[in-house]
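To start, the structure itself, in C-alpha cells.
The values are calculated or read from the model by the stated rules, or taken from the named source; none is laboratory data. Values in this document were obtained by computation on a predicted structure and should not be read as measured data. Here the Cβ positions follow ideal geometry from the backbone for every residue, glycine too, while neighbour counts run over all protein chains shown. Areas reflect the complete protein model, heavy atoms only, side chains present, ligands, DNA and RNA absent. Shrake-Rupley method; radii C 1.70, N 1.55, O 1.52, S 1.80 Å.
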Amino acid sequence: MAQWKQLQLQLQCLSHQHLNELYPPTFPMDVRCYLASWIEEQCWDEIIDSPDQDARALGLLEQIISLLQRISQDSSNVVEKMRLQQISRNMNVYRSQPLQLVKTVQNTLNKERILLNHVLPTFSPSTSQASYFPSPRAWAGPASFESLQVSLASNMSNGLDANSSEQIKKLQSRIQQLEFNGQEISKKRLQLLREAVDCLEHCQARLLQRIKSWRREQHLASIGAPFDDNLGPLQTWCEQLLGVNVKLRQEIILVGRDCPGGEPITELQERLGLLLQTLIQSSLMVDKQPPQVIKTQSKFSTTVRYLLGEKVTPGKPVLLKAQIITEMQARSLGQLGSIPTENVGELINNSAILEHNTSTKSTCATFRNMSIKKIKRADRRGSESVTEEKFALLFSSEISITGCDMPCCMQVISLPIVVIVHGSQDNNALATIIWDCAFSEPDRVPFVVPERVPWKQMCLTLDSKFRLEVQTQRSLDPYNQHFLAQKIFDKPDISGDFSNMLVSWAQFNKEVLPGRSFTFWQWFDGVMELTKKHLKSYWSDKLIFGFIGKQQLHLILQDRPDGTFLLRFSDSEIGGITIAYVSSCENRGRRIQNIQPFTKRDLEIRCLGDRIRDIEFITHVYPDSPKNDVFKKYYTDDPQPYNSGYIPISIQTKVAAGETSSPTSSAAEMPQDPTNRLSYPANALYSTMNQQGNGVFSPSQQFQTPYPTDIDVSGVPYHNPLSISPLHDMAQGNTPTTDDMELDEIFATGIYEMP
C-alpha cells in the first residue's frame with residue numbers, strides 16, 4: 001500500500017483526462033483505492049500471457065469481486081454501497097479473458113511508478129523553510145487560493161529567493177487545482193444523490209402499482225379469480241424502500257452542511273418527505289375483508305395489516321378504529337383525505353390494537369365479533385332497492401415510524417358491502433356485489449359500475465362464480481353458455497353468437513324472466529346452491545348436462561334409442577334438476593319427456609343416484625353409457641331394518657305409468673321417518689310393506705294400483721304428496737270418502753310437456 005499512499009498527493013493535481021487514462025472504466029480508481037493493500041501484495045509480474053495462466057488469473061478476478069462485495073455489505077453509506085455493487089458486477093467482463101485483467105493491472109501499476117518518479121521536489125524540514133508553509137492553525141481550516149496569495153505576499157516581503165518563490169507558486173497552483181476538484185466532487189455527489197432519489201421514486205411507483213394489483217386481485221377473488229394473498233413480498237419491499245429513504249435523508253443532511261440553504265438540497269428533501277409519507281400511508285392493507293353482504297345484528301370479523309409494522313416506534317400501542325361509510329363519503333376521501341364526521345351506522349366492537357407476531361413477522365389488527373347494530377340509508381332514486389345500496393368500512397389510525405420526525409395519519413377502506421336486515425335479501429344483495437366485483441374498473445370512483453356489459457364478459461363471470469361456489473374444475477361448456485344467453489336475453493329461437501350483445505343490470509337481477517316470478521340471477525343462484533350441496537360430484541364427473549334449451553335438447557336426443565336420458569337444470573323452477581328421456585308414442589313416434597324436477601328438499605330425502613336407479617325405464621345416459629355403470633358409485637345400500645319389532649319400509653322414486661297427449665312426468669317420494677306413517681301415500685305404503693311380516697298381509701291380499709291412462713292432467717298443479725293425505729284426515733277423526741283406487745289416483749303422478 002506504500003505506492004498508493006505516495007501516489008494520492010499526486011493524483012489530486014491530475015486532470016480528469018489523465019486520471020481516465022491511468023484508471024480505465026474496466027479498472028476504475030475505486031478498485032485501486034479500496035483494494036490498495038491487496039493489489040500491491042499480489043505478484044502480477046509473475047503471470048505471463050499464456051493459456052496455462054488462465055486459472056491463476058481467474059482466481060485473482062474472483063478475489064477482487066468477492067472483496068468488493070464484502071466491503072459493500074459492510075458499508076453504511078447507501079451511495080457507496082450501490083457504487084461498489086455496480087463495480088463488482090462490471091468486473092465480470094473479464095471472466096471470458098482473465099489474463100486481460102492481469103495486463104490492465106500491470107499497466108496501471110507501471111504508470112503509477114512512472115508518475116512517482118516525476119514527483120516535484122519537496123521542502124527540507126529546515127528552519128529557514130518552515131515559513132513557506134501555513135501554520136498548523138491555518139491548515140486546520142480549508143486552504144483557499146486567496147489565503148495562499150496573502151501568505152505568498154508576506155513571504156516575498158521577507159526576501160525569499162526566486163527558487164523558493166517558484167516552488168510556492170507551484171504549491172499555489174496545486175491548491176487551486178484541489179479547490180476545483182473539491183467543487184467537482186461536490187457536484188458529482190449531489191448528482192449521485194439526485195439519481196438515487198430518482199431511482200427510489202421509480203421503485204416506489206412500482207410498489208404502489210403492485211399494491212393496487214394485489215387489492216384488485218383480492219376484489220376479483222370474490223367471483224373466483226385466482227388470488228395469492230401472501231403479503232410477505234410486499235412487506236419486504238416496503239421495509240427496504242423505507243430503509244433507503246431514511247439513509248438518503250441522512251446523506252442529504254450531510255451534504256447540506258457543506259452548502260446550507262442550497263435549492264437542490266431543499267428540493268431533494270421535499271421529494272424524499274413526500275415519498276416517505278406516501279409509503280407510510282400505502283402500507284395499511286385490509287388483509288381479510290369483511291363479508292360483502294352483512295346482516296344487521298350478525299357477528300363478523302376482519303383483519304387489517306400494516307406492512308411497516310416492524311418499524312413502528314415502540315411505546316404506546318397503535319389503536320385502529322373502524323366506521324361504516326356511504327358511497328358518497330368514500331368518494332370524498334380521495335379529495336379531502338379526512339375522516340367523515342357524519343355517522344351513518346352504529347358499529348359494535350369497532351376498535352382493535354395493532355399487534356406484532358414474531359413468528360409470522362406480521363403486524364395486524366383483528367376486529368372480532370363486529371356487528372352493525374343499525375344503519376342509516378340514503379334516499380333511493382327511482383326503483384333502486386336497499387340491496388343495491390353500497391357501503392364500506394373505513395379503518396384509520398395515527399402512527400409513528402422510527403426515523404421519521406412526525407406521526408402520520410393513515411386510512412384504508414374495505415371492499416364494498418351491502419347491509420341487509422333479513423335473510424331473504426341475501427340473494428339480491430349478492431347480485432349487487434357480484435356485478436361490482438366483476439365489472440368495476442381498477443381505478444374507479446367509489447363505487448361506480450357500468451349499467452351494461454358485454455355478454456362474453458358476463459359469461460366468464462358466471463362460469464368463474466359457478467366453479468368457485470361448487471368447488472369444481474369443470475366449466476360451463478358452449479351448450480350451457482348458449483342457453484344462458486338465450487334465457488337472459490329472452491331469445492330462445494336464436495342460435496347465433498351472443499358475444500357482442502350487451503346485458504344490463506336490469507336483465508341480470510332487476511326484471512323477472514318472462515313468464516316467471518324470479519330474475520335471471522335468482523334462478524342461476526338457485527342452480528349453484530343445489531349443485532354445491534347435492535350435485536357437486538355428479539357435475540364434476542360430467543354426469544349432468546346442465547343448462548340446455550328445448551330446441552337443443554330435442555336435437556341431441558331425437559335419434560337416440562328409448563331409455564336414453566340426460567340430467568338438466570330446471571328452466572321453470574329455482575334450484576331444480578330434471579331427467580329428460582326418450583320414449584315411444586302410441587303412433588310409433590318418438591318423444592322426449594321430462595320428469596318432475598327434483599329440488600333440494602327432494603334430494604335430502606333420497607339422493608339423485610338412488611332416484612335414477614329407481615326409474616327402470618331410463619337405461620342409458622346420453623350419449624350411450626349404461627346408467628348402472630356410470631352411476632353405480634352413487635347408489636346407496638338399503639338401510640338395515642331396525643330390531644325394534646316394526647315392519648321395515650323403504651323409500652323409492654316412482655314415475656307415473658301411461659302416457660298422455662301432454663308428455664311430462666313427476667316423482668312422488670316419502671319421508672325417511674318411519675314413525676310418521678299417517679303422512680305416507682297409501683299406494684307407496686302398501687307396495688313397500690313386507691307382506692310376510694307378522695301375518696299382516698298375505699300374497700293373495702296384494703292391493704291393485706291401476707293408473708288411469710285416458711286422463712289429461714296437463715294444467716293440473718302438482719301437489720306434494722307429503723303435505724296432504726287421506727290417512728292424515730283419518731287421524732284427525734274425519735272419515736275418508738275415497739277407497740284404495742281413489743288413493744292410488746290421488747298419488748299417481750302425471751306427465752307434462754317440458755317448459
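Roughly how many Å² is the accessible area per residue of the range 1-92, as a whole number, for a 1.4 Å probe?
On the way: 5230 Å² over 92 residues.
Here the residues of the range 1-92 average 57 Å² of exposed surface.
Averaged per residue, what accessible area in Å² does the range 255-381 show with a 1.4 Å probe, protein chains only? Could you put the intermediate results ahead of the total?
Values: 7110 Å² over 127 residues.
Counting only protein heavy atoms, the per-residue value for the range 255-381 is 56 Å².
I'd like the carbon and sulfur percentage of the solvent accessible area for the range 445-504, probe radius 1.4 Å, heavy atoms only, ligands and nucleic acids excluded. Write down the numbers at each step before the final one.
Working: 1590 of 3050 Å².
Of the solvent-accessible surface of the range 445-504, carbon and sulfur hold 52 percent.
Would you mind checking the pairs Lys532/Lys600; Lys487/Lys510; Lys550/Lys632; Lys5/Lys187 and listing those with alpha carbons more than 19 angstrom apart? Can you show the working numbers first?
Numbers: Lys532/Lys600 10 Å; Lys487/Lys510 14 Å; Lys550/Lys632 28 Å; Lys5/Lys187 26 Å.
Pairs exceeding 19 Å: Lys550/Lys632; Lys5/Lys187.
Treating cross-link reach as a plain straight distance, find the lysines whose alpha-carbon is under 22 Å from the alpha-carbon of Lys374, omitting any fewer than eight places away in the same chain.
Lys295, Lys299, Lys321, Lys390
Once R0 is set to 45 Å, what does the formula 1/(1 + (r/R0)^6) return for the Cβ-Cβ distance between Ser76 and Val386, expressed as a FRET efficiency to the nearest 0.05? Before the final figure, lay out the partial values.
Details: r = 60 Å, r/R0 = 1.33.
FRET efficiency, Ser76 to Val386: 0.15.
For an R0 of 30 angstrom, estimate the FRET efficiency from the Cβ-Cβ distance between Gln281 and Glu195 and round to the nearest 0.05. If you can, show how the numbers build up before the last one.
Numbers: r = 26 Å, r/R0 = 0.86.
Given R0 = 30 Å and the Cβ-Cβ separation, E is 0.70.
Per residue of the range 42-56, what does 6.51 cos²θ - 1.76 cosθ + 1.60 with θ = phi - 60° give for ³J(HN,Hα)? Whole Hz please, x for Gly and Pro, Karplus curve as stated.
For the range 42-56, the Karplus-derived couplings read 7, 8, 5, 5, 7, 8, 9, 6, 9, x, 6, 9, 4, 5, 5 Hz, x marking Gly and Pro.
Under a point spin-label approximation (7 Å from Cα along Cα-to-Cβ), what is the Arg174-Ile339 distance to one decimal in nm?
6.7
Hey, any idea what % of the range 301-366's accessible area is carbon plus sulfur with a 1.4 Å probe? Walk me through the numbers before you get to the answer.
Numbers: 1770 of 3610 Å².
Looking at the range 301-366 in its full context, I get 49 percent from C and S.
How much FRET efficiency would the formula 1/(1 + (r/R0)^6) give for Gln558 and Arg216, where r is the Cβ-Cβ distance and R0 is 60 Å, rounded to 0.05?
On the way: r = 48 Å, r/R0 = 0.79.
Taking R0 as 60 Å, the efficiency between Gln558 and Arg216 is 0.80.
Multiply the residue gap between Lys536 and Ile353 by 0.36 nm, knock off their C-alpha separation, and tell me the result in nm, one decimal place. Walk me through the numbers on the way to the answer.
Numbers: separation 183, 0.36 × 183 = 65.88 nm, distance 4.17 nm.
Gain on stretching Lys536 to Ile353: 61.7 nm.
Okay, which of the range 1-40 sit inside 16 Å, backbone N to the point 7 Å along the Cα-Cβ direction of Lys187?
In the range 1-40, the label zone of Lys187 (backbone N under 16 Å from the point 7 Å along Cα→Cβ) covers 15-17.
Return the distance in nm (one decimal) between the two label points of a simple spin-label model at Ser625 and Arg331, each offset 7 Å from Cα along Cα→Cβ.
Between Ser625 and Arg331, the label points sit 5.3 nm apart.
Summarise the accessible area of the range 23-108 (1.4 Å probe, protein heavy atoms) by the percent that is carbon and sulfur.
Values: 2190 of 4530 Å².
Here carbon and sulfur together make up 48 percent of the probe-accessible area.
Any idea how far apart Lys376 and Ala205 come out in nm if each label point goes 7 Å out from Cα toward Cβ?
4.2
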